[in-house]
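Okay, structure first, notes after.
Just so it is clear, none of the values below were taken in a lab; they were calculated from the coordinates. None of the values given here were measured: they were computed from a predicted structure. Neighbour counts are summed over all protein chains in view; Cβ atoms, including those assigned to glycine, are modelled from backbone coordinates with ideal geometry.
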Amino acid sequence: MKKINLAILGCGVIASDADEDPKKRHIYSHAKAISLIQKIQITACCDIDEAALNKFSKKYSIANKYTNLDEMFAEEVIDILVVATPTKFHYDHVKKAFLNNINVVFCEKTLTYDLEQGIEISNIAKNKNGLLVVNFMRRWDNFYIECKRLLDSLELGRLETMVVYADTALYMNASHMLDLIVYFGGDVNSVVGHIDRLNKPRIVHGKDDSGAKAMITHKNGIITFLKATGESQRNHYCEMDFQCTKGRLRILNDDIKYEVYKFEKSPQHKGLDELKMQYTKLNNHKDERVVNAYLEIIEFIEHKKQPRYTAFDSLKSLELIKLIYESDSKNHFPVYSKL
């Protein structure tokens, strides 16, 4: 079996260290996910931090290690490049990869801080017939896919509103929820945003990353209410509440479980129906979402099959962050999507 050569740029938390936490229920790091896929081998790694580079290369027995990205590109045959560097470097690293004829790049979220830069490198990938994927891992999580199918089936009626809760820091933890808002609610029409100034922003690689509250209208008429704030960065939120015309779906504790409610005759109000819980579904999916992402990338490499989610899809959540900031700067007036 011909192996697919993968190189990792950035040898820190998301490359490997995230899975040193024994409490994690899912695989978060690229290296651990790759270790479960026989067709892929890590052949090279690169990091300007020599301590992180040496720790990573030793842990995964990678002989070819670099502190200079240009040297790695010049000396290695790379089928997939994983960009696991801080967001502020993504634009330069992704662009350089495609200009060095690397055909597939798997980039950490968010793609960039700047929407126009994100559009530019997404178009570069497209023009080179390459593939650029952004690691919003819940897109490959069969728990969330199951919830989406339930809503799309109209068993609970038409989806009307979503109320969602996420961690603070729009470009970091909260960006996963913003991507899910687009996934479940559809393309955004307008945003009324309020940047959180009551709580301290999270400092990420030296950059302030604030939380926010927002009301989001979607082009299909759905309305979303977002709370992505927290007094403490230890407070973790990831919950979604979907109100439909015939019932309700609640996703609790990220993906621990979901609850399904339907309207039934009220036991306390004559002539009225009330929501009653029908069942609770625990997450019993045994697959791993980051592994699923790599399996789709392999399908692209071997059969040119486009994955279900690419960088162009991730631009919608990146624009959502931009719209929240723009509305906040305009006294919270509605601002409108241009994508």
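Taking N as the residue count of the stretch 91-143, its C-alpha radius of gyration divided by 2.2 N^0.38 Å amounts to 1.15. Each 5 Å bin from zero up to the one holding the largest Cα-Cα distance in the stretch 1-107 carries the following percent of pairs: 2, 13, 25, 27, 20, 10, 3, 1.
Just need the relative contact order of the chain here, percent rounded to a whole number, with Cα pairs under 8 Å and 6+ apart. Please report the intermediate quantities before stating the final value.
On the way: 680 pairs, mean separation 55.9, N = 339.
Across the chain, relative contact order equals 16 percent.
Once the Cα-Cα distance is subtracted from the 0.36 nm per residue extended length, the K24 to H269 segment shows a gain of 83.7 nm. Rounded to the nearest 20 debye, the dipole size of the chain about its Cα centre is 800 debye, using +1 on the Cβ of Lys and Arg and -1 on the Cβ of Asp and Glu. When the convex hull of its Cα atoms is viewed from all sides, the chain shows a mean projected area of 19.0 nm².
With the simple spin-label model, which puts each label point 7 Å out from Cα in the Cβ direction, the N129 to M1 separation comes to 2.7 nm. The dipole here belongs to the stretch 1-98: it is taken about the Cα centre, uses +1 on the Cβ of Lys and Arg and -1 on the Cβ of Asp and Glu, and is about 480 debye.
Just subtract the alpha-carbon distance of N253 and D114 from 0.36 nm times their residue separation and send over the number in nm, one decimal. Walk me through the numbers on the way to the answer.
On the way: separation 139, 0.36 × 139 = 50.04 nm, distance 3.04 nm.
Full extension from N253 to D114 adds 47.0 nm.
For the stretch 51-166, the alpha-carbon coordinates run over 56, 35, 24 Å along the three principal axes, in decreasing order.
Projecting the Cα atoms of H269, H236, T310 onto the charge dipole of the stretch 229-317 (Cβ charges, centred on the Cα centre) puts H269 farthest toward the positive pole. Protection proxy ranking for 120-131, 140-151, using the average of other Cβ atoms within 10 Å per residue and placing the highest first: 140-151, 120-131. Show me, bin by bin at 5 Å from 0, the whole-percent P(r) of the stretch 158-272 based on Cα pairs. In order of increasing distance, the bins hold 2, 11, 19, 20, 17, 13, 8, 5, 3, 1, 1, 0 percent. The residues packed around N129, meaning those with a beta-carbon under 14 Å from its beta-carbon, carry a net charge of +4 if Lys and Arg are +1 and Asp and Glu are -1.
What is the calculated FRET efficiency for N220 to E326, with r their C-beta to C-beta distance and R₀ = 30 Å, to the nearest 0.05?
Details: r = 22 Å, r/R0 = 0.74.
In this case the efficiency is close to 0.85.
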